[in-house]
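Each reported figure results from applying straightforward, stated rules to the coordinates on display, with no laboratory input. Quick caveat: nothing in here was measured; it's all calculated off a predicted structure. Methodologically, a virtual Cβ is constructed for each residue, glycine included, from the backbone with ideal geometry; neighbour enumeration extends over all protein chains shown.
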There are 2 protein chains.
Amino acid sequence: MSDHNKPYILIVEDEAPLVTLLRYNLEKQGFRVEDTGDGGEALTRITEAPPDLLLLDWMLPTMSGIELCRQLRRRPATRQLPIIMLTARAEEQDAVRGLDTGADDYITKPFSTEALIARIRALLRRSGSVPQKLKLNFHDISLDPASHRVIRNGRALHLGPTEFRLLEFFLRHPKRVFSREDVLNAVWGRDIHVEPRTVDVHIRRLRKAINGPGEIDIVRTVRAAGYALDLDEIA
Amino acid sequence: MSDHNKPYILIVEDEAPLVTLLRYNLEKQGFRVEDTGDGGEALTRITEAPPDLLLLDWMLPTMSGIELCRQLRRRPATRQLPIIMLTARAEEQDAVRGLDTGADDYITKPFSTEALIARIRALLRRSGSVPQKLKLNFHDISLDPASHRVIRNGRALHLGPTEFRLLEFFLRHPKRVFSREDVLNAVWGRDIHVEPRTVDVHIRRLRKAINGPGEIDIVRTVRAAGYALDLDEIA
DNA sequence: GCGTTCCGTGACAATGCTGTGACGGTAGCG
DNA sequence: CGCTACCGTCACAGCATTGTCACGGAACGC
């Protein structure tokens, strides 16, 4: 079979021997592995094809691991990307800062392959192990994150970038109510300053875009609470 | 704000000094902390009020941490519950097995509080830091905090925001009588100034909203005391 | 039975919340 | 540069919700 079914791990690390070792062990475990020693290159490759998990070295030539991490967390597309930091024992203080910057876990060199693989498994399982690739469906709507396409009742919908991310977010958590602040954090970003009422406007634009004539509105308003992707009637 | 907004961490650990230390540091970080040294009791408490994150010691008197972990992973309600294992340095092999059993992370004793807190933050962020909200049931009524929906006998009920919070509060403490002041503190807020009699009006609105024709009233009035959610079957 | 206390009920004015259209600003693109 | 698409903010209207009150009836103690 091709490698496309396997979880895809990107290693960002410049010590060649370590990379060889990691690649050998991870591929033996059934992962698809790519690597790069350059932070900037990593950013590009992640942008064009986001991995399922990132192994990130703290010490890097062009861009520090922590900086790369920060950049990834700033983008909505990679905000959920599982990241494990590789750090030398002496840099433990930095690793702590790394976690706060947005890494999900860290491991200190030297480490046992066994421990690393266990952590990778735990992290992949938690993130659903195939984060970005599955189509999202609800009622008669289908959104394909890969091809960036939305379809309702066979006809393609035209959504703006924000509307797309908004719908994607709600599709990932159907039937759950989110406050405007929740939506802002998830769709716009954590440190962005935007009026909460802005969500209303985009909800309206989303509604206008997805609700054709005669079709029911699947965006439910919950007064004094927020919005949810749900049918108003009971299923 | 009350503790209900803070992330709730349950510590399962039988070394009292360690618990004291953890509690002190975690509460300082703004977490709500509970603890128990008994695995069985932990299971009960998690069942009735699932925490946002679990700190779990490997060595426990009645039930080993790994067994508790396994049990939690078997139940749908706690399958996603973030778990961090506490383990002694010498037990690292076990910790690896722990991760495969379903723990999300582990940390070896002795550890720095700093590192632990960083991991807690990372894990909470990953899990959406959304508290596990379970459906609340009583008699033939079901309230789902996540979807903000109330159902009785299969039909959806329309409640205003205050009525919803009121019902949610009573559902969390069934069969218990609360004075109007209690209700005001819990549902309206501690520093809000509202006439106690206002509760009466909302109780009436709640009754009107949830009691369909031919259905019994599950809101019981206790004269000179307050209200309770209970079946009023007194001869 | 009778007075007193307490609660249910309907009405109402004030407030709060959301839908909607419009507007100016900006980034991308030919 | 002009054009287009998109974004964030605002003002306003319409409606839902809220807190309070007055009235009357029910429950209670004696």
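See the values below:
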read-out: Among the listed pairs A:Lys6/A:Lys135; A:Lys208/B:Lys6; A:Lys175/B:Lys28; B:Lys6/B:Lys135; A:Lys175/A:Lys208, those beyond 27 Å (Cα-Cα); value: A:Lys208/B:Lys6; A:Lys175/B:Lys28
read-out: Value of [θ]222 nm, deg cm²/dmol, for the protein assembly as shown, DSSP H segments ≥ 4, -39500 (n - 2.57) each, nearest 500; value: -11000 deg cm²/dmol
read-out: Separation in nanometres of the label points that stand 7 Å from Cα toward Cβ, at B:Arg23 and B:Arg155; value: 4.9
read-out: Where GluC sites (Glu not before Pro) fall in DSSP loop in region B:156-235, at most 13 other Cβ within 10 Å; value: B:Glu215, B:Glu233
read-out: Value of relative contact order over chain A, rounded to a whole percent, pairs C-alpha under 8 Å and six or more apart; value: 13
read-out: Intensity falloff of region B:8-126 expressed as log10 I(q)/I(0), Debye formula with alpha-carbon point scatterers, at q = 0.15, 0.22 Å⁻¹; value: -0.58, -1.42
read-out: Per-bin percent of Cα-Cα distances, chain A [5 Å]; value: 1, 6, 13, 16, 16, 14, 11, 9, 7, 5, 2, 1, 0
read-out: Ranking of B:His158, B:His173 by count of other Cβ atoms within 10 Å, fewest first; value: B:His158, B:His173
read-out: Pseudo-label separations to other copies for B:His139 - Cα-to-Cβ vector, 7 Å, nm; value: 3.3
read-out: Binned Cα-Cα distance frequencies in region A:136-229 - 10 Å width, integer %; value: 16, 53, 28, 3
read-out: Cα Rg, Dmax, region B:182-235, angstrom units; value: 12.6, 40
read-out: Rounded D (µm²/s) - the protein assembly as shown, Kirkwood Rh over Cα pairs, Stokes-Einstein at 25 °C, 0.890 mPa s; value: 99
read-out: For B:Lys109, distant residues with modelled amide H under 5 Å away; value: B:Thr87, B:Ala88, B:Arg89
